[in-house]
1. Tell me, which strands (runs of 3 or more DSSP E) wholly within region 248-301 include 2 or more residues that are modelled with pLDDT of 70 or more, over 22 Å from the mean Cα position of the chain (by Cα) and on the phi < 0 side of the Ramachandran plot?
2. Specify which of the listed residues (R132, R142, R201) is of a type in the set (K, R) and under 22 Å from S255 (Cβ atoms).
3. List the residue pairs whose Cβ atoms are under 6 Å apart, where the first residue sits in region 207-233 and is at positive phi, the second is surrounded by fewer than 18 Cβ atoms within 10 Å (Cβ to Cβ), and the two are 6 or more positions apart or on different chains.
Amino acid sequence: MRLRVPRAMAADAPVGEPGYLAGPPPLERLSSRAQQGAASVERWARLWAVLWPAPLLIVLLLASRGSRGALLPAFFVVILLWPATLVTLRIAGTIPGAIAGAAFALLLVAQVALPAPALPATPPTLIRYFDRPQQEARHTLRLPIGSPAWQRLWAPSSTPRSPAPKAYLYFMVATQPDVDDPGLDVRLGGREIGTLSAATRYVVLGDYNDQHVGWYRLPVTREDLESQAPLPIIVAPLPTSWPGPGSSGLVGGHSYRPTFPPAPSAFGEDGQWTTDPAMVLPPSSSPPDSRRTPGQGPVRYYVELRFVQPKTGRFLAIFY
């Protein structure tokens with residue numbers, strides 16, 4: 001029996017016209033759509049790799065409310081991360097460039113969002129009080145005498161209106177609340193150069209556990225500083241004005257960069273010197289919250305040589 005297809009149905013079959021039967025095979029259609037999607041992804045990836053810093057920097061500046069603290073990460077992004085992204089885009093291609101931009105963006109977000117790391121605690125402040133008039137505290141400076149930098153510090157200023165810098169020895173001193181004059185004598189290289197008293201007090205730092213702490217300073221000359229190398233600075237009670245045992249002393253702490261390693265400071269009595277931290281800055285004579293932990297290393301008194309610009313008060317160099 002022979003079947004015959006009606007003429008109307010035969011005319012509706014999309015054989016000679018564009019349609020499902022006349023188009024590409026299904027697998028080719030899927031491949032074509034995948035290629036179009038890949039091209040779209042590549043365009044967006046390239047756009048992200050080129051423009052990713054802009055939205056993040058805008059959000060960062062808005063969130064910081066104009067704070068200068070946002071300038072550092074912004075500078076870090078513009079100078080380092082963004083050029084690195086563009087280099088990756090140029091050398092490795094679009095997708096690696098976009099991945100690098102995403103990684104850098106996460107780094108920036110983590111830097112802003114995560115809490116700042118905890119900084120090391122400030123080294124404890126310790127005080128060495130004088131208990132007897134025979135006691136002495138010594139701090140030794142190793143100055144770069146003869147070096148070009150040292151010569152420049154003493155050279156006359158090339159600007160007529162800018163005076164030459166002046167040199168001072170700074171001492172951090174602690175006194176009991178009822179003491180106004182520490183009554184301490186200072187000898188430099190075996191020669192007396194002045195006293196730490198109310199007249200030589202430079203600035204009061206405030207009260208520290210019911211003890212007055214402040215900076216005192218004495219002017220020194222180039223001849224004084226170059227008289228001996230290394231240069232010992234000795235502080236001792238002045239018999240005529242010393243207030244008494246436990247009334248005044250030197251402040252010190254842990255020595256990070258000693259100029260006379262390994263122990264720039266020493267404590268002595270009747271000519272016997274020691275650099276033992278327990279004797280130089282004994283914990284028993286310091287506030288309870290400043291007790292030194294065992295094995296902390298050498299300590300030093302806060303005795304410093306500073307070169308000051310008289311006109312501006314700016315420190316040009318500090319040696320300790």
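The values are calculated or read from the model by the stated rules, or taken from the named source; none is laboratory data. Quick caveat: nothing in here was measured; it's all calculated off a predicted structure. Using ideal geometry, Cβ is built from the backbone for each residue, glycine included, and neighbour counts are taken over all protein chains shown.
1. 248-254, 265-269, 272-274
2. R142
3. Every condition considered, the pairs that remain are N209/P287.
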